[in-house]
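For reference, the structure is listed below as structure tokens.
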Amino acid sequence: MERSLEKVFNPRSIAVIGASEVPGKAAERRTRSLIQGGYKGDIYLINPKRAELFGRKAFPAITDVDKEIDLVMIVVAPRFVASAVADSVKMGAKGIIVITAGLGETGEEGKKIEAEILNEAAKTGAYIVGPNCSGMFNASADINMLGIPTINKGSISILAQSGNVIDSLTHFARMKGCGFNKIINVGNAIGVQLHEYIDYLKNDPDTKVIATYLEGIRGGNELVRVAREAAKTKPIVALKVGKSSAGARAAASHTGSLAGDDIILDAAFKQAGIVRVSNADELVDMADVFSNCPLPKGNRLVIMSEGGGDNSIAADNAEKYGMQVPVLSKETQGKMIPVLLAGMPAHNPVDYGGTAEENPHVITECVNACMEDDQVDGILITGFFGGFYDIIAPHIAELEEQTSRELVELVKKYKKPLIVNTSYARDPIKSLDILKEAGIPVIESSDRAAQSMSALMNFAMKQSEINQMDIPTGEAQERVPVKKLFKQVRNDKRANLLETESRELLQEYGISLPDAILALNPDEAIEGAKKIGYPLAMKVVSPDIIHKSDAGGIRLGLDSDRDVKNAFRDIFKNAEKVTAKEKILGTLISPMVAPGQECIIGMIRDAQFGPVIMFGLGGIFVEVLKDVSFRVAPLATEDIEEMIREIKGYKILTGVRGEKPKDIEAIKKILARLSQIAIDNPEIQEVDLNPVIVHEKGASIVDSRVLIQ
């Protein structure tokens, strides 16, 4: 069965079911933009009430066409959509774009129609785009099925979950002078999913940057996997709306209470190398920067201007976005000092003062000196370049234009990014037009210029990491003892594992735990205590008590048989206030572990991204500071390294104020094995390993909590 998005984006023939000439209608706009867009393949217009449309023959039904059709666009009333899809499938359609709204997004009746659509498409494996979408554009094939008459052509491809945002993006692009190669409005996405479009575009030679507008995410784990593959060759810039707080989650575990939707989203995007932005204009700006600028090798930035004020603003913004502004070498400074006014600083930021206003070639000299320096990764020119002619005299304009041409050649020669921030960015100035036409970003905002350069630098480093990474496949492995365990839990109609069962699960995956003995009465508790040795801890075991400390179900530091007997009695007494006596299954006795750094490790099955792993320091760090990190499973070695290093308290693990370093390798092993547990067992909804005491050698999981469906 042939199944390829190639026929969606590059069809040999297109049919429009519901084609119209009635001005202003959705069908008319899209039919007209398709015909006027210059598409060279065959176009078949389908309308049972018209013999001719736009001076072309119209067919009563698609089945009246005597040739196979690759792509169909459907713009008919909801009640006719399923039969139109069925007819398209009969005609061999590889792709079917359903513009029609009022289906699954409106209720059960619409969802039934969507189910019929999918059922018909499944007969041949045809791709369904939409429904409730605005169409598709492909500059490479001269296809415009969006109904937007003028779309600039370029190398940015857009995937959007909103038609009106596409309208805004195309308008911003026209104002900025950049353009698009492919645009898809995914709509309800009942067929083709976001990650499938990315999977296609990552290999598309005409797409340099993938930009996407998202309102919701399905199959986020696949998105992370495919985006990582895409990031090896091209960037993805994403605008995701709909932020929500961690408080929106039910707090069945510490991990769940900390796992805000937007926190997980940021972590997933970072893991996948996706650059996140906040506004539509920012999306276009960032995509344009990525489509034109060479990627730097690091994050060392040189800032230069004709004034200290602009330099200071740019330096603050550079620090805000995490870039280094290092002092330049004496050699590089020595190349610039002869062309600067006496006493002007050349260390970085570089201040070429009034010299450049009268002789813009000074900028070329400074940029060239910095481009030659291997310790410089990118350059930001700030100030009012482009407006010197306005400030000094008209004759300067020609010198500025020549400087722009020289800057273009330097970027080509050294392949380092150069961004120009100037208050004249939107003015029709030839010197700036020369830069823009050559792909050198000219940005009005100092903040946006720094943000764009930082994004380039961060993505370049992430791309290098991903290209060296052994990306895990996420293949599940079935373990019979674990399946039997979950079956027993379900038979008992429980949604949580007893701690004895969670220990069994962890040990099955090679996660070591301190010794523990289940005691059913005080005598067994004393006997167990003698085997383990004092001091020890005692915890209640009951399916009805998840938060043991809240129920008074934990006693620590027990030093004698008498302590054990009294603790057993107190724990049972407290537990009987919470649940029935028959639901108290005993107490778990375990040794008091050696001192170390308290940590928390957890997992939550997120609605968007599937299993997500969490790590953080325990105690005040997690309760008050919420100093935790997240990554989507499966975890690569580099993911684990990153999530440990990115918490603010990381230095505590490495040893501070005389404390010896803790066993970070032990943490890594637990995270890796928890990732595999989450992949193998979709029943598991949440896991809390809290606290995990990390020692100088090894780590002790003091308490474990596992919640299942």
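What are the residue pairs meeting all of these: first residue in region 194-221, first residue farther than 18 Å from Q161 by Cα and in contact (Cβ under 8 Å) with a residue 12 or more places away in the chain, second residue open to solvent by less than 40 Å² (accessible area, probe 1.4 Å) and in a strand (DSSP E or B), Cβ atoms under 6 Å, and 6 or more apart or on different chains?
If the second residue must be open to solvent by less than 40 Å² (accessible area, probe 1.4 Å) and in a strand (DSSP E or B), the pairs left are D206/N181; T207/S157; T207/N181; K208/S155; N221/G610; N221/V632.
Could you go through region 535-551 and let me know if any residue there is at pLDDT 95 or above, open to solvent by 10 Å² or more (accessible area, probe 1.4 Å) and in a loop (DSSP other than H, G, I, E, B).
yes
Identify the single condition in (1) farther than 21 Å from M453 by Cβ; (2) open to solvent by less than 30 Å² (accessible area, probe 1.4 Å); (3) out of contact with any Gly (no Cβ under 8 Å at 6 or more places or on another chain) that E398 does not satisfy, given that it satisfies every other one.
So E398 meets the others, but not (2).
Tally time: how many residues in region 495-520 are part of a loop (DSSP other than H, G, I, E, B) and within 19 Å of K548 (Cβ to Cβ)?
8
Looking at R555, R562 in this structure, which one is of a type in the set (D, E, K, R) and in a strand (DSSP E or B)? Break it down into steps so the answer makes sense when it comes.
Values: R562 fails: in a strand (DSSP E or B).
Of the residues listed, the single one that is of a type in the set (D, E, K, R) and in a strand (DSSP E or B) is R555.
Conditions first: (1) touching a residue at least 40 places away in the same chain (Cβ under 8 Å); (2) open to solvent by 30 Å² or more (accessible area, probe 1.4 Å). E108 passes all but one, so which condition is the exception?
With respect to (1) touching a residue at least 40 places away in the same chain (Cβ under 8 Å); (2) open to solvent by 30 Å² or more (accessible area, probe 1.4 Å), E108 is out only on (1).
Criterion first (open to solvent by less than 10 Å² (accessible area, probe 1.4 Å) and either among the charged types (D, E, K, R) or over 30 Å from R479 (Cα atoms) (or both)) does D663 satisfy it?
So D663 does not fit the description; no.
Yes or no: region 366-383 includes at least one residue that is open to solvent by less than 80 Å² (accessible area, probe 1.4 Å), in contact with a His (Cβ under 9 Å, 6 or more places away or on another chain) and not acidic (D, E).
No, that holds for no residue.
How many of the residues making up region 498-531 are surrounded by 15 or more Cβ atoms within 10 Å (Cβ to Cβ) and either among the acidic types (D, E) or more than 21 Å from I584 (Cβ to Cβ) (or both)?
Going through region 498-531 one residue at a time, the tally reaches 12.
Could you list, in sequence order, all residues of region 671-707 that are open to solvent by 10 Å² or more (accessible area, probe 1.4 Å), closer than 20 Å to D606 by Cα and either among the aliphatic types (A, V, I, L, M) or part of a strand (DSSP E or B) (or both)?
A672, I679, Q685, E686, N690, R705, L707
For E357, indicate whether it is acidic (D, E), closer than 21 Å to L435 by Cα, under 41 Å from the mean Cα position of the chain (by Cα) and open to solvent by 20 Å² or more (accessible area, probe 1.4 Å).
Here the answer is no, as E357 does not meet what is asked.
Restricting region 567-603 to residues that are out of contact with any helix residue (DSSP H, G or I) (no Cβ under 9 Å at 6 or more places or on another chain) and more than 25 Å from G619 (Cα to Cα), which is surrounded by the most Cβ atoms within 10 Å (Cβ to Cβ)? Spell out the reasoning first.
As a first pass, look at region 567-603 and keep what is out of contact with any helix residue (DSSP H, G or I) (no Cβ under 9 Å at 6 or more places or on another chain): 570-571, 573-574, 576-580, 582, 592-596.
Checking the rest, the ones that are also more than 25 Å from G619 (Cα to Cα) come to 570, 573, 576-580, 582.
On the way: D570: 14, K573: 10, E576: 12, K577: 8, V578: 17, T579: 15, A580: 10, E582: 7.
Ranking the qualifying residues of region 567-603, first place goes to V578.
Filter region 277-299 down to residues that are part of a strand (DSSP E or B) and either surrounded by fewer than 20 Cβ atoms within 10 Å (Cβ to Cβ) or of a type in the set (F, W, Y) (or both), then give me how many there are.
0
Is it true that Q468 is within 30 Å of the chain's Cα centre (by Cα) and open to solvent by 80 Å² or more (accessible area, probe 1.4 Å)?
yes
For R32, all conditions in the list (1) under 14 Å from D70 (Cα atoms); (2) under 37 Å from the mean Cα position of the chain (by Cα) hold save one; what is the number of the exception?
Only one criterion in (1) under 14 Å from D70 (Cα atoms); (2) under 37 Å from the mean Cα position of the chain (by Cα) is unmet by R32, namely (1).
Among the numbered criteria (1) at pLDDT 95 or above; (2) buried (at least 20 other Cβ atoms within 10 Å of the Cβ); (3) in contact with a strand residue (DSSP E or B) (Cβ under 6 Å, 6 or more places away or on another chain), which one does A259 miss?
In the conditions (1) at pLDDT 95 or above; (2) buried (at least 20 other Cβ atoms within 10 Å of the Cβ); (3) in contact with a strand residue (DSSP E or B) (Cβ under 6 Å, 6 or more places away or on another chain), A259 misses (1) alone.
The values are calculated or read from the model by the stated rules, or taken from the named source; none is laboratory data. None of these values were measured; they are calculated from a predicted model. Here Cβ is always computed from backbone atoms with ideal geometry, including for glycine, and neighbour counts include all displayed protein chains. With ligands, DNA and RNA removed, areas are computed over all heavy atoms of the protein, side chains included. Shrake-Rupley method; radii C 1.70, N 1.55, O 1.52, S 1.80 Å.
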